[in-house]
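Input: a single structure, listed below in structure tokens.
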Amino acid sequence: MGFIGSGYIGSTIARLAVEAGHQVVLSNSRGPETLADTAAELGPRASAATSGEAAAAGDIVVVTVPVKSFPDLTAAPLAGKTVIDTCNYGPERDGHIPELDSKSLTSSELLLRYTPDAMLVKAFNNIFFKHLLSLARPAGAADRSYLPIAGDSVSAKAAVTGFIESIGYGVVDAGALADSWRQATGTPVWGTPYGPFSNEKGQSAGEDAIRAALATATR
């Protein structure tokens, strides 16, 4: 697993991945030396590198950066890769982006413009990082939570589904990349099914709850 961005969501996914037996290569915009402590804490399955090295190393690459940073991504190392897009658009942080404000594009479709040869799958963008850490459950657990994914590549979605299942979650297929608006910031599936932010442990959200939330989204 390669990580471009190692903030709250990225580092939480990395922690769950290491616990599930995956190797992780972390990167951020400030250089690998700034991630030395994080990598050491995660243990021998974790290392820090440049973003290009992390992208090259990963069978799956997690892009978890501000939307305003999309133009800074280097597309070449992501070509042909399964890429998980965790990113959410926030004008207060990212500045106003006309196509996203007008909803003529999803943020994932915008990311695809900068990484045209990647196989993008939207995932992990709808859950609070503390809930993501605390709600992981083994397969077969009655209280296993589900996460929505969206993407255009059948093989990439299958790979991401396998990864998500390995770290403690079920998966609901939310459609194509153009449908990923259904799990964007402020939609019914964003945050709410897993409980309020004030409850750091969260609450389980089963398959039916996630499907129902996706179905009630309006654009």
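Please list, ordered by first then second residue, the pairs with beta carbon atoms under 6 Å, 6 or more apart or interchain, first in the range 83-100 and surrounded by 12 or more Cβ atoms within 10 Å (Cβ to Cβ), second in a strand (DSSP E or B).
Val83/Val61; Val83/Val63; Val83/Leu120; Ile84/Val62; Ile84/Val121; Asp85/Val63; Asp85/Leu120; Asp85/Lys122
Which residues, taken from the range 1-35, are over 20 Å from Thr82 (Cα atoms), modelled with pLDDT under 95 and surrounded by 21 or more Cβ atoms within 10 Å (Cβ to Cβ)?
Passing the criteria: none in range.
Could you pull out the residue among Thr106, Thr38 that is among the hydroxyl-bearing types (Ser, Thr, Tyr), touching a strand residue (DSSP E or B) at 6+ places or on another chain (Cβ under 7 Å) and surrounded by 16 or more Cβ atoms within 10 Å (Cβ to Cβ)?
Thr38
Any residue that is farther than 20 Å from Gly90 by Cβ and crowded, with 18+ Cβ neighbours inside 10 Å - is there at least one of those in the range 196-208?
So far as the range 196-208 goes, yes, one or more of its residues are farther than 20 Å from Gly90 by Cβ and crowded, with 18+ Cβ neighbours inside 10 Å.
Take the residues of the range 41-78 that are among the hydroxyl-bearing types (Ser, Thr, Tyr) and surrounded by 22 or more Cβ atoms within 10 Å (Cβ to Cβ): which is farthest from Ala156 (Cα to Cα)?
Ser51
Just a yes or no: is a residue in the range 97-104 among the polar types (S, T, N, Q) and touching a Leu at 6+ places or on another chain (Cβ under 7 Å)?
no
Would you confirm whether or not the range 168-184 contains a residue that is among the β-branched types (Val, Ile, Thr), open to solvent by less than 10 Å² (accessible area, probe 1.4 Å) and part of a loop (DSSP other than H, G, I, E, B)?
No, the range 168-184 contains no residue that is among the β-branched types (Val, Ile, Thr), open to solvent by less than 10 Å² (accessible area, probe 1.4 Å) and part of a loop (DSSP other than H, G, I, E, B).
Over 16 Å from the mean Cα position of the chain (by Cα), in contact (Cβ under 8 Å) with a residue 40 or more places away in the chain and over 23 Å from Trp190 (Cβ atoms): which single residue out of Ala142, Ala159, Ala75, Ala118 fits that description?
Every option except Ala75 fails the conditions.
The values are calculated or read from the model by the stated rules, or taken from the named source; none is laboratory data. Source: prediction; values computed, not measured. Quick reminder, even Gly has a Cβ in these numbers, built from the backbone with ideal geometry, and neighbours come from all protein chains shown. Accessible surface is based on the protein model in full, side chains and every heavy atom, while ligands, DNA and RNA are left aside. Shrake-Rupley method; radii C 1.70, N 1.55, O 1.52, S 1.80 Å.
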